[in-house]
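First the structure, in the form of structure tokens, and then the observations on it.
The values are calculated or read from the model by the stated rules, or taken from the named source; none is laboratory data. Everything quoted here is computed from the prediction, not taken from an experiment. Here the Cβ positions follow ideal geometry from the backbone for every residue, glycine too, while neighbour counts run over all protein chains shown. Heavy atoms of the whole protein, side chains included, go into the accessibility calculation; ligands, DNA and RNA do not. Shrake-Rupley method; radii C 1.70, N 1.55, O 1.52, S 1.80 Å.
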Amino acid sequence: MSWIFSIRNVMCPKERYIWAQVRIIHETDKAVLVENGRKTWIPKSRINRIRLKNNTVEIYVKESSVG
């Protein structure tokens, strides 16, 4: 029965969350423009956590959101 779970993970992998170092350029009520090699608008609803570590801002988002 355990092989069923491995097939499901291959077909529908879980999205991973990561801490991404970013530079915040602009902020609106609904989104944040960040730069981490390229400029990207990230909706605030997708940002789970924000932290300041060693004078760099890091956001906790899905891996696909940041690139």
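Distant-in-sequence amide contacts of ALA31, defined by a placed amide H-H separation under 5 Å and a gap of 5 or more residues or a different chain, comprise LYS44.
Here the relative contact order of the chain, from alpha carbon pairs under 8 Å that lie six or more residues apart, stands at 32 percent. Simple point charges give the picture: +1 on the Cβ of Lys and Arg, -1 on the Cβ of Asp and Glu, and for the chain a dipole about the Cα centre of about 80 debye.
In whole percent, and with a 1.4 Å probe on the protein chains, what portion of the accessible area of the chain is carbon and sulfur?
Using a 1.4 Å probe with all protein chains present, the chain comes out at 52 percent carbon and sulfur.
Among TYR17, TYR60, the order of accessible area from largest down is TYR17, TYR60, computed with a 1.4 Å probe on protein heavy atoms. In the context of the full set of protein chains, the chain has a per residue accessible area of 83 Å² (1.4 Å probe).
Here r is the Cβ-Cβ distance between LYS39 and TYR17 and R0 is 22 Å; the resulting FRET efficiency, rounded to 0.05, is 0.55.
For the chain, the mean residue ellipticity at 222 nm estimated from helices alone is -5000 deg cm²/dmol, where every DSSP H run of n ≥ 4 contributes -39500 (n - 2.57) and the total is divided by all residues, rounded to the nearest 500.
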